[in-house]
Amino acid sequence: MKKKLQLMQIIFACCIFTTVQAQDLYTGVWRSGTDGYALYGGLGWNDFNTKWQDLAGQNLRLVDISIYDKNGTRYYNGVWRAGTDGYALVNGVNWDDFVTQWKSLAKKNLRLVDIETYMKGSTRVYAGVWRAGTDGYALYGGLSWDNFVSKWESLAKQKLRLIDVASYMQNGTRLYTGVWRAGTDGYALLNGLD
């Protein structure tokens, strides 16, 4: 399913998938732009991966992915923006393998821009989207809120800005994983708002 928006282009979407009274709902953020774009949702992994490859050949780069389960089947949503830079996509690997990929791709001047996590059987796995970059970066996972805030404050002093966060429940505790990239702009972190 492809959605085109007139005069507005998607920069970030698919961040929240919710079912309310058996209806699927999405939340997205748009800003103006004139570059190419695409939005696909509700695809199985094989179809999503094929779409990712096809769109890359059209100079579109994945910038955001979301993953959800519905009736025991896993689905993927993605947002693409115009680009001719390097890119990578990793899905379904445990934390240690994800970090190994993150380090390897960083050596190839690719920077993580989006991270998701989900359960595959009894194993927590991760998916990530990379784009070209040579700037500073950091990745920390499995942190309690207090430890996450402490890391956020520490990295901000090093001119790194949080660009993506994923949270999940483990043994009754909410844990956080964050992606940072270089920045000197203003920043804020909020949690638990209604």
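The values are calculated or read from the model by the stated rules, or taken from the named source; none is laboratory data. The structure presented is a predicted model; accordingly, all values stated were derived computationally and were not measured. Glycine gets a Cβ as well: all are built from the backbone with ideal geometry, and neighbour counts include every protein chain shown. When the accessible area is computed, the model is the full protein with side chains, heavy atoms only, and any ligands, DNA or RNA have been set aside. Shrake-Rupley method; radii C 1.70, N 1.55, O 1.52, S 1.80 Å.
Normalising the average separation of contacting C-alpha pairs (under 8 angstrom, six or more residues apart) by the number of residues puts the relative contact order of the stretch 70-194 at 22 percent. Across the stretch 40-120, Cα pairs under 8 Å and at least six residues apart give a relative contact order of 30 percent. The relative contact order of the stretch 130-194 comes to 39 percent, based on Cα pairs under 8 Å that sit 6 or more residues apart.
Within a straight-line Cα-Cα reach of under 16 Å, residue 70 can be paired with the following aspartates and glutamates, leaving aside sequence neighbours fewer than 8 residues apart in one chain: 24. What would the Debye equation give as log₁₀ I(q)/I(0) for the stretch 25-94 at q = 0.16, 0.24 Å⁻¹, counting only Cα atoms as equal point scatterers? Evaluating at q = 0.16, 0.24 Å⁻¹ gives log10 I(q)/I(0) of -0.58, -1.16.
Could you tell me which chymotrypsin sites (Phe, Trp or Tyr not before Pro) in the stretch 120-194 are loop residues by DSSP with no more than 13 other beta carbons within 10 angstrom of their beta carbon? List each step's numbers first, then the result.
Values: sites: 126, 130, 137, 140, 145, 148, 152, 168, 176, 180, 187; in loops: 187.
For chymotrypsin sites (Phe, Trp or Tyr not before Pro) across the stretch 120-194 that sit outside H, G, I, E and B with at most 13 neighbouring Cβ atoms in 10 Å, the list reads 187.
Estimated at 0.36 nm per residue, the fully extended path between residue 119 and residue 73 surpasses their Cα-Cα distance by 15.3 nm. With only the Cα atoms considered, the stretch 82-194 has a convex hull volume of 131 Å³ per residue.
Given R₀ = 35 Å, what would the calculated FRET efficiency be for residue 56 paired with residue 174, taking r from the Cβ atoms and rounding to 0.05? Write down the numbers at each step before the final one.
Values: r = 35 Å, r/R0 = 0.99.
Working from the Cβ atoms, E equals 0.50.
The modelled label-to-label distance between residue 167 and residue 187, using points 7 Å beyond Cα along the C-beta direction, is 1.8 nm. If I model a spin label as a point 7 Å beyond the Cα along the Cα-Cβ vector, how far apart are those points for residue 103 and residue 25 in nm? So the label points at residue 103 and residue 25 sit 4.2 nm apart.
Percent of Cα pairs in the chain per distance bin of 5 Å, from zero to the largest separation: 1, 7, 15, 19, 21, 19, 12, 6, 1, 0. Per residue, the chain exposes 56 Å² of accessible surface when a 1.4 Å probe is rolled over the protein heavy atoms with every protein chain present.
Considering helices alone, the calculated mean residue ellipticity of the chain at 222 nm is -6000 deg cm²/dmol, with DSSP H runs of length four and up weighted by -39500 (n - 2.57) and normalised per residue. Springs between Cα atoms under 10 Å define the GNM used for the chain, and in it the highest mean-square fluctuation of 172, 41, 86 occurs at 172.
For the pair residue 145 and residue 159, the difference between a 0.36 nm per residue extended length and the Cα-Cα distance amounts to 3.0 nm.
Comparing 121, 141, 57 in a Gaussian network model of the chain where C-alpha atoms under 10 Å apart are linked, the largest mean-square fluctuation is found at 121.
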